[in-house]
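What follows is calculated from the coordinates using simple rules that are stated; it is not laboratory data. Here the structure is a predicted model, which is why all the values come from computation and not from measurement. Note: ideal-geometry Cβ built from the backbone for every residue, glycine included; neighbour counts use all protein chains shown.
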Amino acid sequence: MITQIALESSNGSYLVAEGGGGREVLANRDGVGLWETFHLFNRTRPGEELRHRDSVALQAWYGRFLSAEGGGGGQVKATLGWIENSSIFTIEKLNGSGVIRSGEQVALRASNGNYVVAEGGGGGAVNANRERRASWETFKIKIFQPQLNRFHASSNRYVTERRMAAVI
């Protein structure tokens, strides 16, 4: 099961992998498009629902993985073509424990323990250099569920379209 998500910063801006990946990650988009969605790979419980303190990897639209420079302490980019220590994050549910649902507040911790932050609450850079979690280090997660649309053509063949719908 591949989970697709979007992350909204405290000022309402969405995280984006510029260019769909291969560049920096910013928090400056007003809406969710392809570049603002990420495939989430649950490394703790593959194929299961996302839970508090699971280890995850986030993949941008064109296949690059988000990573915290140096495992934390610097900028977040979407440049790696593979999963390594710097591209593994721990996701934390802010209120309680258990399953993380769409619309809940979450935080991401880099491998060195630093939190991912949307600088200024959003509108620009995304780093992984905070020792404590506050509003700029929290995100509203939107989890999308796959939808399959099939259209029957006059030639008795089917056209299939796969879309992702937000679960809120």
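Can you give the net charge of the other residues whose Cβ lies under 11 Å from the Cβ of Glu137, counting K and R as +1 and D and E as -1?
Its environment carries a net charge of +1.
Using Cβ counts within 10 Å as a stand-in for footprinting exposure, how do Asp30, Asp54 rank, fewest first? Mind dumping the intermediate values first?
Working: Asp30 9, Asp54 19.
Placing the least packed residue first, the sequence is Asp30, Asp54.
Can you tell me the length gained on complete extension of the stretch Arg51 to Glu18, counting 0.36 nm per residue apart and subtracting the Cα distance?
Length gained between Arg51 and Glu18: 9.1 nm.
So what is the orientation-averaged projected area of the chain, using the convex hull of its C-alpha atoms, in nm²?
Over all viewing directions, the chain projects a mean Cα-hull area of 10.3 nm².
Students often forget the sequence filter, so: which lysines lie under 21 Å Cα-Cα from Lys93 once same-chain residues fewer than 8 apart are removed?
Lys140, Lys142
What per residue convex hull volume, in Å³, do the alpha-carbon atoms of the range 6-71 yield?
109
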